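The values are calculated or read from the model by the stated rules, or taken from the named source; none is laboratory data. Bear in mind the structure is a predicted one, so any value in this text is a computation, not a measurement. Cβ placement follows ideal geometry from the backbone for every residue including glycine, while neighbour counts extend to all protein chains displayed.
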Amino acid sequence: MSETMATDPAPTGGLTTLVNDWADEKQAFQVPWGKAMMWIFLLSDTFIFTCFLTAYMNVRMSTTVPWPIPSEVFALTLFGENIPLILIAIMTFILISSSGTMAMAVNYGYRRDRVKTASLMLATAFFGLCFVGMQAFEWTKLIHEGVRPWSNPFGAPQFGSSFFMITGFHGLHVSAGVIYLSTVAFKVFRGDYDKKDNYEIVEITGLYWHFVDLVWVFIFAFFYLW
Amino acid sequence: MDSADGQQHPIGLYLKVWALLFVLSTLSYLVDYFNFEGLLRWTLIIVFMVLKAGFIIGIFMHMAWERLALAYAILMPPGCLLILIALMAIEANYTFLTRSTFFSG
């Protein structure tokens, strides 16, 4: 498969390549099929998350009750000081760091560095676990404060449903990603991809993980900062 | 640089983007910390968000080096979502209006 793709070294960029790729009766996407499929899956996931965020926008705009102020709801008392949104900020940095280690894992994968690839992927999975752990802490805190999907003591009741729905679905993606990463890291370490001489799976796993980070960028902006 | 032989880029590039994402996240956190309000707040949030998303998709996910056939197939369809968002915003305004008119006692 990779031989046929390598025979078409047309440069990226330029509408001519786009027309050429789509015009003829041939493979339109000159990437391994797994990568194209992952991208298409991520596209569908984009629609799902946008539906959630749009629903959130809709209920937030249409409620006549004041919306709870995220900056205060998600504040945390550290060292005797009340710092707004600090936990969410730390979670953001953790997720970005996990994306950084993932990008490097992909790189070492293509250099056939088995041990470094597996370790960096495990580091990524570890950051993911930290993220989910902090999210569990955040959920526990809010549930103790009386936030429910149907009501909360801070303001508009739709806050709870949006919060649990959006962060819950994202947390599910992170958890699934941790399992996915650990599985692939194990197989990398075992040498499965050296036998096939194909590390493409690491990049595909990376795509999924970066997407999880990407979704968080939007959740952070629209749900927590807005 | 086709992705057929894998996407090979210097590690330094990833480290730079990583650092940049940290800076951008700090900046967007500071928007909240310093309590910017109104249009300034929303503009800053959107700008930092779009920059972060762009770097993640372009560099980390390698979209900047993919052929246009793939880039367009993946990046164009979400444009439809802007129509959904616009429609739902109109709908929400209408709901708000009816609620204020009929439920305000």
Between residues in the stretch B:54-68 that are facing chain A (nearest Cβ under 8 Å) and residues that are surrounded by fewer than 17 Cβ atoms within 10 Å (Cβ to Cβ), which pairs lie under 6 Å by C-beta distance while being six or more apart or on different chains?
-> B:65/B:1
Being more than 19 Å from residue A:121 (Cβ to Cβ) and crowded, with 18+ Cβ neighbours inside 10 Å is the filter; apply it to the stretch A:88-105 and report the residue that is farthest from the other protein chains (Cβ to nearest Cβ).
-> A:91
So which residues in the stretch A:205-221 are facing chain B (nearest Cβ under 8 Å), touching a residue at least 24 places away in the same chain (Cβ under 8 Å) and over 16 Å from residue A:97 (Cα atoms), if there are any at all?
-> A:218
Over the stretch A:120-143, the set of residues crowded, with 18+ Cβ neighbours inside 10 Å, farther than 30 Å from residue A:154 by Cα and of a type outside the set (A, V, I, L, M) is A:124, A:127
Please specify each residue of the stretch A:1-33 satisfying the condition of being facing chain B (nearest Cβ under 9 Å), at pLDDT 80 or above and in a loop (DSSP other than H, G, I, E, B).
-> A:28, A:29, A:30, A:31, A:32
Is there a residue in the stretch A:163-171 that is under 16 Å from the mean Cα position of the chain (by Cα) and aromatic (Phe, Trp, Tyr)?
-> yes
Just give me the residues in the stretch A:34-66 being at the interface with chain B (Cβ under 8 Å from one of its Cβ atoms) and of a type in the set (Ser, Thr, Tyr), in sequence order.
-> A:46, A:50, A:54, A:62, A:63, A:64
Residue A:148 surrounded by fewer than 21 Cβ atoms within 10 Å (Cβ to Cβ), within 14 Å of chain B (Cβ to nearest Cβ), in a loop (DSSP other than H, G, I, E, B) and at pLDDT below 95 = no
